[in-house]
Amino acid sequence: MALQAITIEPATKADACIIWLHGLGANGHDFEGVINELGLETTHAIRFIFPHAPALSVTLNGGYVMPAWYDIFAIDFDAPEDEIGIRCAQIEINALIEKNLDEGIESSRIILMGFSQGGALALHTAIRFGKPLGGVGVLSGYLPLHRIFDKEIHAANQELSIFMAHGLVDDVVPFSMAELSLACLQAAGFNPAWHTYPMPHGICLQELQDIGKWINQQLSHHEKIIRPNEITKPK
């Protein structure tokens, strides 16, 4: 069954899309309010999609059922991971991307964003996607399946733009886990834009402003391709 999601359309026909994944225990409403804080250029007609994760039993939280993209056994870079769950969630996000491609949005103007577990899933999905994406933002997240990820990077996204941000006093996803993720990505040839903030596990205004600048750069770099049948002839 397709993911339920909040979709916010631009004033004109969308020519770009940002899919923003929430963290463990939250839902798609979690980041609705950030759009006006990003300072995005009005020249970009961006569709925002905020999907809701399904309700799953989460081992880390004593088996309690909550919105989760996949199961988590422990917050530790070397802990066992729910590989099947991660890959099933990847299929769902791929389907969202494909839907936007079918509706005429170029892959290079589709950006994945995510917070915490959502950031981990966004990163996992983006580097494996079969067409070049506009970028991926990993906020207070980490690199899942880090032991094997470098063997699964798709050639289309070998030069993917990655925005990584983490709080220096994060009490949920340790800062060291983000640093190890960064090192793995760099070793695989990526060059993430790395940002740190004096905050715990959350989002701050400066971070949102930095995200907005990065999104503007990505979409300006990947301008919409104007096809011949889209050109309006003078009357």
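Read the figures in this text as sums done on the coordinates, not as results from a lab. Since we're looking at a predicted model, the values are computed, not measured. Cβ: placed from backbone, ideal geometry, glycine included. Neighbour counts: every protein chain shown.
The phi torsions of region 73-84, fed into the Karplus equation with coefficients 6.51, -1.76 and 1.60 and a -60° offset, translate into couplings of 8, 6, 8, 7, 4, 9, 6, x, 10, 7, 4, 4 Hz, rounded to whole numbers, with Gly and Pro shown as x. When shorter helices are ignored and each DSSP H run of at least 4 residues is given -39500 (n - 2.57), the per-residue value for the chain at 222 nm works out to -8500 deg cm²/dmol.
Ranked by the mean number of other Cβ atoms within 10 Å of their residues, highest first, the peptides 13-21, 44-52, 84-92 fall in the order 13-21, 44-52, 84-92. Taking the average, over residues, of other Cβ atoms within 10 Å as the packing measure, peptides 161-171, 128-138, 58-68, 26-36 rank 128-138, 161-171, 26-36, 58-68 from highest down.
Sort 101, 143 so that the residue with the fewest other Cβ atoms within 10 Å of its own Cβ comes first and the one with the most comes last. Each step should come with its number before you reach the end.
Values: 101 14, 143 23.
Least crowded to most crowded, the residues run 101, 143.
Which net charge results when you count Lys and Arg as +1 and Asp and Glu as -1 among the other residues whose beta-carbon is under 11 Å from that of residue 17?
-1
The magnitude of the dipole of region 5-230, with charges of +1 and -1 set on the Cβ of Lys/Arg and Asp/Glu and taken from the Cα centre, is near 460 debye. If you count Lys pairs in the chain whose Cα atoms are under 21 Å apart, skipping same-chain pairs closer than 8 places in sequence, the total is 9.
Listed options for Cα extents along the principal axes in Å are (1) 54, 42, 38; (2) 67, 36, 35; (3) 47, 40, 36. The value calculated from this structure is the one marked (2). May I ask what percent, to the nearest 5, of DSSP beta bridges between residues of the chain are antiparallel? In the chain, DSSP labels about 25 percent of beta bridges as antiparallel. Placing a label point 7 Å from the Cα of residue 61 along the Cα-to-Cβ direction, the residues of region 96-128 with a backbone N closer than 16 Å are 115-119.
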